[in-house]
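Student: Below you'll find the structure I mean.
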Amino acid sequence: MKTKSKTIEFQQECQSCNGTGLYIGMAERDGSSVVCHHCKGTGEVTFKHSYNEFTGRKKPEKEIKIVVETNPGIAIGNGHGCKLENFGGLSFDDWDKGKPFPPGSEMRKYTCPAWWYQSANYKLKPNWAECGFGVFSACKHFGSKELCWERWDTENNNP
């Protein structure tokens, strides 16, 4: 099915000057103002947004082998002693079928539960007193993060 392009366009009150045409910022004092540079003094701006109508999720242009729930800032791929399967996730086929990310699909080899769930699902991020502050990999427990994952699994009823 061919994608249909659409455009929404309308006039709206300028948000920078609240429709006055005049801008008063930090430098404008004692009753002074400048002509608003967004609306050029008219008080209104044209909102225009073009988009493609959604007709269904498209297939990726490149071959995808795994899908990872989130990326906490780590390069994902083969090389430098790393293998794609070390990064967790699930197969593209399972993801495409709508299967959920199972326990253990986190990037456990490279992250701790606090680091992972800060990005993946903040509600599940542990708030343990012994967690280090600042850079996760600098935490004194990071070298034994598998113990943190065991604790996280126990506390979250993951087999």
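The values are calculated or read from the model by the stated rules, or taken from the named source; none is laboratory data. All values reported here derive from a predicted model rather than from experimental measurement. Don't worry about glycine lacking a Cβ; one is built from the backbone with ideal geometry, like all the others, and counts go over all protein chains shown.
Student: Quick one: how many residues across segment 105-152 are closer than 24 Å to Lys83 by Cα and of a type in the set (D, E, K, R)?
Tutor: Number of matching residues: 6.
Student: Among the residues of segment 138-147, is there at least one that is among the acidic types (Asp, Glu) and surrounded by 14 or more Cβ atoms within 10 Å (Cβ to Cβ)?
Tutor: Scanning segment 138-147 turns up no residue that is among the acidic types (Asp, Glu) and surrounded by 14 or more Cβ atoms within 10 Å (Cβ to Cβ).
Student: Okay, next question. Scan segment 57-80 and give yes if some residue there is in a loop (DSSP other than H, G, I, E, B), of a type in the set (Ser, Thr, Tyr) and either in the same structural domain as Gln11 (by TED's automatic domain parsing) or at pLDDT below 95 (or both), otherwise no.
Tutor: Keep residues of segment 57-80 that are in a loop (DSSP other than H, G, I, E, B), which gives 57-65, 68-78, 80.
Of the ones still in play, those that are also of a type in the set (Ser, Thr, Tyr) are 70.
This time we only want the ones that are either in the same structural domain as Gln11 (by TED's automatic domain parsing) or at pLDDT below 95 (or both), so: none.
Among the residues of segment 57-80, not one is in a loop (DSSP other than H, G, I, E, B), of a type in the set (Ser, Thr, Tyr) and either in the same structural domain as Gln11 (by TED's automatic domain parsing) or at pLDDT below 95 (or both), which makes the answer no.
Student: Of (1) at pLDDT below 95; (2) under 30 Å from Phe54 (Cα atoms), Gln12 satisfies all except one. Which?
Tutor: Among (1) at pLDDT below 95; (2) under 30 Å from Phe54 (Cα atoms), Gln12 violates only (1).
Student: Going through segment 26-56 one residue at a time, which ones are aromatic (Phe, Trp, Tyr) and at pLDDT 95 or above? Break it down stepwise before answering.
Tutor: Narrowing segment 26-56 to residues aromatic (Phe, Trp, Tyr): 47, 51, 54.
Phe47, Tyr51, listed by residue number.
Student: Quick one: would you say Phe87 is surrounded by 18 or more Cβ atoms within 10 Å (Cβ to Cβ) and either closer than 30 Å to Lys58 by Cα or in contact with a strand residue (DSSP E or B) (Cβ under 9 Å, 6 or more places away or on another chain) (or both)?
Tutor: yes
Student: I would also like to ask the following. Would you point out the residue of segment 50-70, among those that are closer than 25 Å to Asn121 by Cα and charged (D, E, K, R), that is farthest from the chain's Cα centre (by Cα)?
Tutor: Lys65
Student: Here's another thing I want to ask about it. Which residues, counting only those in segment 102-159, are in a helix (DSSP H, G or I), of a type in the set (Ser, Thr, Tyr) and closer than 24 Å to Phe92 by Cα?
Tutor: Taking segment 102-159 and keeping what is in a helix (DSSP H, G or I), we get 113-120, 122-124, 136-138, 142-155.
Then keep just the ones that are of a type in the set (Ser, Thr, Tyr); that gives 117, 119, 122, 137, 144, 154.
Tyr117, Ser119 - these are the residues of segment 102-159 that are in a helix (DSSP H, G or I), of a type in the set (Ser, Thr, Tyr) and closer than 24 Å to Phe92 by Cα.
Student: Have a look at Thr20, Thr7, Thr3 and point out the one that is in a strand (DSSP E or B) and either at pLDDT 95 or above or surrounded by 10 or more Cβ atoms within 10 Å (Cβ to Cβ) (or both). Full working, then the answer.
Tutor: Working: Thr20 fails: in a strand (DSSP E or B); Thr3 fails: in a strand (DSSP E or B).
Selected residue: Thr7, the only one of Thr20, Thr7, Thr3 that is in a strand (DSSP E or B) and either at pLDDT 95 or above or surrounded by 10 or more Cβ atoms within 10 Å (Cβ to Cβ) (or both).
Student: Any residue at all in segment 129-150 that is among the basic types (Lys, Arg) and within 20 Å of the chain's Cα centre (by Cα)?
Tutor: No, that holds for no residue.
Student: Out of the residues in segment 95-118 meeting the condition of being in contact (Cβ under 8 Å) with a residue 40 or more places away in the chain and in contact with a Lys or Arg (Cβ under 9 Å, 6 or more places away or on another chain), tell me which one is nearest to Lys65 (Cα to Cα).
Tutor: Residue satisfying both the conditions and the ranking: Arg108.
Student: Out of Tyr117, Tyr110, I need the residue that is touching a Leu at 6+ places or on another chain (Cβ under 9 Å), surrounded by 12 or more Cβ atoms within 10 Å (Cβ to Cβ), modelled with pLDDT of 90 or more and not acidic (Asp, Glu). Which one? Reasoning before the result, please.
Tutor: Values: Tyr110 fails: touching a Leu at 6+ places or on another chain (Cβ under 9 Å).
Sole residue among the options that is touching a Leu at 6+ places or on another chain (Cβ under 9 Å), surrounded by 12 or more Cβ atoms within 10 Å (Cβ to Cβ), modelled with pLDDT of 90 or more and not acidic (Asp, Glu): Tyr117.
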